[in-house]
Amino acid sequence: MRRYVAVRILSTLPVLVGISVLVFALVKAVPGDPASALLGPEATPQDVAMLRDALGLEKPLPMQYALWLKKALAADLGRSIQKRVPVTDLLFSRLRNTVMLTVTAMAFALALGLPAGVLAARRAGSALDRATMVVALFGNSMPVFWLGILLILVFSVHLGWFPTGGTASLREGPSFGNTLRHLILPSLALGLVTVGGLARLTRSAMLEIVGQDYIRTARAKGLSQYRTIWYHALKNAAVPIVTIVGAQFGFLLGGAVLTETVFGWTGIGLLIYEGIATRDLPVVLGGVLFVALAFVIVNLVTDLMYGYLDPRIRYG
Amino acid sequence: MDFYDCGDVLTRRQALHRFGLAAFGTLAAPLLTAGRDASVVLAGAPPTPGGTPVRGGTLALSLDGIPGANISPATSGVAEIVLGMHVYEGLVAPDPVTGAGVRPVLAESWQVSPDGRVYTFRLRRGVTFHDSTPFTAEAVELNFRRLRDPNSRFFFKIGEAVSNIVFRLTDRVEVADDYTVRYHMRERDPDFIYLLRRPQALFMSPTVIKQFTPDEAGKHPVGTGPFRLTEQQEGTRYTLERFSGYWDGAPYLERLVYRPGLDPTASVAALLAGELDLLTEASYDTIDRLKGRFVPFEWGPEFHWTVTLNTRHPFTRDVRVRQALNYALNREAWVQGIFKGFAKPARGPATTGYPAWNPGLRGYPYDPDRAKALLAAAGYESGVRVKAMIPTTGVPLAQEIGQSIQADLRKVGIDLRYDALEFNAYFSRFRQGLTEEHIFGVSWWASDFLAFLEQQLSQSRWPPNGVNRGWYHNAEADRLLTAGREESNDEKRKAIYQRAERIIVNDAPWLFTVYFRRIGLKSQKVQSIRSYASQTPDYSKTWLKR
């Protein structure tokens with residue numbers, strides 16, 4: 001098992017280097033550069049050339065990449081061109097917000113999606129099943145920015161229950177309660193768009209399982225419906241569910257850009273977006289590598305969970 | 001010169017603005033309170049009669065973008081500049097009401113030598129930085145060396161490039177005595193004083209410059225301004241406390257608190273929910289809808305929404321075509337439809353705030369028939385298909401005005417298509433000057449200094465040396481623009497520039513569109529907002545009605 005984990009982690013290194021080359025090439029291929037973004041529209045080409053020189057952007061591209069890679073291998077992701085601070089500092093300051101948002105959104109998604117999927121599977125073909133799936137499809141299809149605006153409008157502007165955005169109130173000091181109030185709407189918005197897919201997947205996985213012989217056996221030997229569904233069926237249906245949860249989790253860690261933007265929730269997704277807009281290559285590289293690493297780790301954890309869920313799966 | 005610098009974050013803001021505000025407008029309409037009609041307030045206007053300023057309180061604001069840690073005069077990010085403008089001050093600033101002109105701040109007075117190459121400033125006495133360092137001529141000189149002297153150990157190379165726009169022609173700063181400094185120019189620059197209003201010409205504490213490395217100094221923002229930056233929670237909140245030792249009287253407000261990273265939709269929602277006290281900018285639709293409940297206020301200088309025509313393009317090379325395009329624009333309809341009345345039709349390149357503004361200038365009234373006749377005379381009777389370039393984000397109202405231009409030109413037989421580019425990509429190309437592919441590119445400019453016409457339209461300012469991106473050239477206009485720069489008498493200069501402007505308007509190197517100012521929305525309790533040089537209003541005299 002340890003060997004398996006070590007090999008998996010080591011095998012990510014070439015993947016990360018490959019991603020860094022790709023991101024480097026893509027950002028460089030897009031028209032516009034950080035010097036141009038920094039100086040604004042009024043600057044002349046002469047001004048831009050002067051700043052490019054000051055920022056070291058006039059060096060040949062392979063040399064720029066090699067210099068970055070050399071530092072990156074020593075865990076130094078460089079400095080943000082726009083913000084003039086180390087990229088690792090920026091990532092760590094945003095990490096807390098991103099993790100909070102992702103975990104809470106996933107908790108919302110699991111709390112609503114799993115029971116909805118199980119319920120729909122138990123009453124397959126019924127009006128309840130169809131209604132649940134229609135709602136799930138609706139949630140799945142809803143653009144997150146639209147849902148976010150809707151939630152702000154109803155729960156913040158109209159009802160005044162939650163703040164409209166940001167990560168903390170401007171009029172009171174930082175506190176857990178302050179942060180929690182700001183967290184609910186963005187995580188709900190993000191969670192609700194994940195619920196649909198999760199409910200539908202849970203339903204189909206459960207439907208496949210409940211037709212199996214061992215479920216019939218469980219029922220024949222007199223187990224209650226509750227025990228049959230929640231202990232026997234759901235655990236066996238969990239492998240595909242865990243797979244999608246893992247994939248979603250990795251996606252949410254870096255992909256919640258729209259939610260973060262609508263709610264002014266300053267996380268890593270927003271940081272990457274800012275970096276792209278200003279062609280701040282070290283920020284984009286650092287952010288994307290972080291997300292890639294998060295994907296790899298979440299996938300690894302997901303794989304390891306298979307072994308727990310299905311004892312027949314073993315890693316050597 | 002003052003350009004509405006939009007930078008990185010407006011890109012994101014405006015991307016969201018496009019779908020976000022539309023969605024918000026649709027959804028919010030029934031929930032918004034329609035109330036009494038409130039007229040627009042000018043920044044810096046005196047308080048309403050009977051209003052006595054009250055001390056204390058926090059002004060909650062939204063910050064456009066998320067600033068980095070370097071809040072120094074040598075940054076150019078919008079968010080950093082907004083924070084820095086409250087912390088730092090320069091020798092001069094614009095008028096607090098019009099947002100144009102020049103008023104003394106850390107300079108008490110100044111003189112320009114007859115040859116226009118030496119500016120002598122008498123500095124204000126009794127001014128201290130937030131760290132108690134006195135403001136003297138040494139501070140001025142050290143700040144200059146930090147940005148411009150490669151041999152100084154305080155030299156900040158990035159700052160040199162960022163400040164080039166201000167100090168391009170400045171050779172050195174001489175300390176005459178503790179409270180007198182002289183800026184020596186490499187060549188005559190009669191409008192240097194206007195450049196000193198810009199964020200790059202503000203002063204940071206010499207103690208900080210000496211204590212930290214050039215790159216680190218910006219992380220310790222210490223200026224002479226009315227507020228001290230006391231808290232920076234990256235991505236969460238930025239707090240500025242009142243500086244009790246401020247030379248012009250401590251601000252009434254206890255503090256300013258900024259929330260970063262809110263998009264326009266979320267900002268409006270936060271204003272409605274009472275989480276913010278004002279928005280420095282809002283869409284014209286939002287202002288129109290909320291002007292009963294909140295008070296619109298104009299601030300900053302007047303801008304011209306500029307369409308630079310390509311005088312090298314086979315189509316727009318012909319002056320009759322350029323005139324025809326100007327006659328084809330229904331500016332009054334734009335003012336009412338797009339700007340909800342908060343703009344004026346343009347009559348020439350310079351705005352009404354231009355020191356040599358000519359009220360007799362007629363410009364190009366809406367006359368599609370005349371436009372068609374001119375096009376026919378130029379050989380385009382049966383219509384033409386052409387392309388222009390426009391940014392998808394970053395220039396205010398680019399989509400709306402772009403579509404209006406398209407619609408107006410279609411009526412005179414011109415089929416206009418756009419190459420729409422993302423802001424950064426757009427300006428990287430436009431900055432090099434228009435190519436034969438496009439008949440125009442767009443931007444927006446303030447024109448509250450006399451050399452504006454020369455800066456924009458003289459041949460000497462063709463890229464890469466300047467911003468005459470449509471390659472306009474008229475020998476007589478150039479001669480007058482040069483003569484204007486050489487003239488030391490302001491009244492004579494104005495007369496020369498007015499003559500040059502008449503030639504330019506006749507040549508129509510731009511589409512003269514509309515003049516507009518930035519407009520924000522504030523709650524009824526916020527009083528006395530003043531204009532500042534750029535990016536943010538000045539809250540040093542602001543107070544909250546209880």
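Can you give me the number of residues within segment A:156-182 that are more than 9 Å from chain B (Cβ to nearest Cβ), of a type outside the set (Gly, Ala, Ser) and either in contact with a Cys (Cβ under 7 Å, 6 or more places away or on another chain) or surrounded by fewer than 18 Cβ atoms within 10 Å (Cβ to Cβ) (or both)?
Selection size over segment A:156-182: 8.
Report yes if some residue within segment B:401-419 is under 26 Å from B:Pro464 (Cβ atoms), at pLDDT 90 or above and buried (at least 22 other Cβ atoms within 10 Å of the Cβ); otherwise report no.
no
Could you tell me which numbered condition B:Gly261 fails, if it satisfies all but one of (1) buried (at least 24 other Cβ atoms within 10 Å of the Cβ); (2) under 24 Å from the mean Cα position of the chain (by Cα); (3) at negative phi?
Going through the list (1) buried (at least 24 other Cβ atoms within 10 Å of the Cβ); (2) under 24 Å from the mean Cα position of the chain (by Cα); (3) at negative phi, B:Gly261 breaks only (3).
Before we move on, is A:Leu38 under 16 Å from A:Glu274 (Cα atoms) and within 13 Å of chain B (Cβ to nearest Cβ)? Talk me through it step by step, then tell me what you get.
Values: under 16 Å from A:Glu274 (Cα atoms): yes; within 13 Å of chain B (Cβ to nearest Cβ): yes.
Spelling it out, A:Leu38 is indeed under 16 Å from A:Glu274 (Cα atoms) and within 13 Å of chain B (Cβ to nearest Cβ).
I need a count of the residues in segment A:6-35 that are within 13 Å of A:Tyr65 (Cα to Cα) and away from every other protein chain (no Cβ under 14 Å).
Within segment A:6-35, the subset within 13 Å of A:Tyr65 (Cα to Cα) is A:17-28.
Filter once more, keeping what is away from every other protein chain (no Cβ under 14 Å): A:17-25.
Selection size over segment A:6-35: 9.
Which residue, of A:Leu192, A:Leu201, A:Leu185, is closer than 23 Å to A:Ala136 by Cβ and within 14 Å of chain B (Cβ to nearest Cβ)? Before you say what the answer is, go through the steps one by one.
Details: A:Leu192 fails: within 14 Å of chain B (Cβ to nearest Cβ); A:Leu201 fails: within 14 Å of chain B (Cβ to nearest Cβ).
Checking each option against the conditions leaves just A:Leu185.
Which residues, taken from segment B:391-419, are over 29 Å from B:Tyr532 (Cα atoms) and within 13 Å of chain A (Cβ to nearest Cβ)? Show your work before the answer.
Of segment B:391-419, the ones over 29 Å from B:Tyr532 (Cα atoms) are B:402-419.
Hit for segment B:391-419 is B:Asp419, nothing else.
Residues checked against (1) of a type in the set (Val, Ile, Thr); (2) in contact (Cβ under 8 Å) with a residue 24 or more places away in the chain; (3) out of contact with any Ser or Thr (no Cβ under 9 Å at 6 or more places or on another chain):
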| site | (1), (2), (3) |
| --- | --- |
| B:Leu147 | no, yes, no |
| B:Ser152 | no, no, yes |
| B:Val162 | yes, yes, no |
| B:Ile165 | yes, yes, no |
| B:Val181 | yes, yes, no |
| B:Arg197 | no, yes, no |
| B:Phe212 | no, no, yes |
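Could you run through segment B:271-294 and say how many residues are within 22 Å of the chain's Cα centre (by Cα) and either assigned to a strand (DSSP E or B) or aliphatic (A, V, I, L, M) (or both)? Talk me through it step by step, then tell me what you get.
Here is the first cut: in segment B:271-294, the residues within 22 Å of the chain's Cα centre (by Cα) are B:278-287.
Among the residues that remain, those that are also either assigned to a strand (DSSP E or B) or aliphatic (A, V, I, L, M) (or both) are: B:278-279, B:282, B:287.
Selection size over segment B:271-294: 4.
So, B:Glu487, is that one at pLDDT below 95 and either touching a helix residue (DSSP H, G or I) at 6+ places or on another chain (Cβ under 8 Å) or of a type in the set (S, T, N, Q) (or both) or not? Let's see the steps before the verdict.
Numbers: at pLDDT below 95: yes; either touching a helix residue (DSSP H, G or I) at 6+ places or on another chain (Cβ under 8 Å) or of a type in the set (S, T, N, Q) (or both): yes.
Criteria met by B:Glu487.
A:Thr104 is checked against (1) over 18 Å from the mean Cα position of the chain (by Cα); (2) over 26 Å from B:Leu276 (Cα atoms) and fails just one. What number does that condition carry?
The number of the failed condition is (1).
For segment B:218-246, name all the residues that are within 11 Å of another protein chain (Cβ to nearest Cβ) and outside any loop (DSSP other than H, G, I, E, B). Lay out the reasoning, then the answer.
Residues of segment B:218-246 that are within 11 Å of another protein chain (Cβ to nearest Cβ), as a first pass: B:218-219, B:231-239.
Within segment B:218-246, B:Glu231, B:Gln232, B:Gln233, B:Arg237, B:Tyr238, B:Thr239 qualify.
Hey, among the residues in segment B:496-532 that are polar (S, T, N, Q) and either touching a His at 6+ places or on another chain (Cβ under 9 Å) or closer than 22 Å to B:Leu450 by Cβ (or both), which one's surrounded by the fewest Cβ atoms within 10 Å (Cβ to Cβ)?
Keep residues of segment B:496-532 that are polar (S, T, N, Q), which gives B:498, B:506, B:513, B:523-524, B:527-528, B:531.
Retained after the next criterion (residues that are either touching a His at 6+ places or on another chain (Cβ under 9 Å) or closer than 22 Å to B:Leu450 by Cβ (or both)): B:498, B:506, B:513, B:531.
Numbers: B:Gln498: 20, B:Asn506: 12, B:Thr513: 23, B:Ser531: 26.
Step by step, filter segment B:496-532, then rank; the result is B:Asn506.
Counting just the residues of segment B:130-140 that are under 11 Å from B:Asp178 (Cβ atoms) and out of contact with any Asp or Glu (no Cβ under 8 Å at 6 or more places or on another chain), which one comes out surrounded by the most Cβ atoms within 10 Å (Cβ to Cβ)?
Filtering segment B:130-140 for residues under 11 Å from B:Asp178 (Cβ atoms) gives B:134-140.
Subset that is out of contact with any Asp or Glu (no Cβ under 8 Å at 6 or more places or on another chain): B:134-135, B:139-140.
Numbers: B:Pro134: 15, B:Phe135: 23, B:Ala139: 24, B:Val140: 26.
Taking the candidates together, the pick is B:Val140.
So which residues in segment B:338-370 are touching an Asp or Glu at 6+ places or on another chain (Cβ under 9 Å), under 18 Å from B:Arg410 (Cα atoms) and outside any loop (DSSP other than H, G, I, E, B)?
B:Pro368
The values are calculated or read from the model by the stated rules, or taken from the named source; none is laboratory data. Computed from a predicted structure; not experimentally measured. A quick note on method: Cβ atoms are made from the backbone with ideal geometry, for glycine too, and the neighbour counts reach across all protein chains shown.
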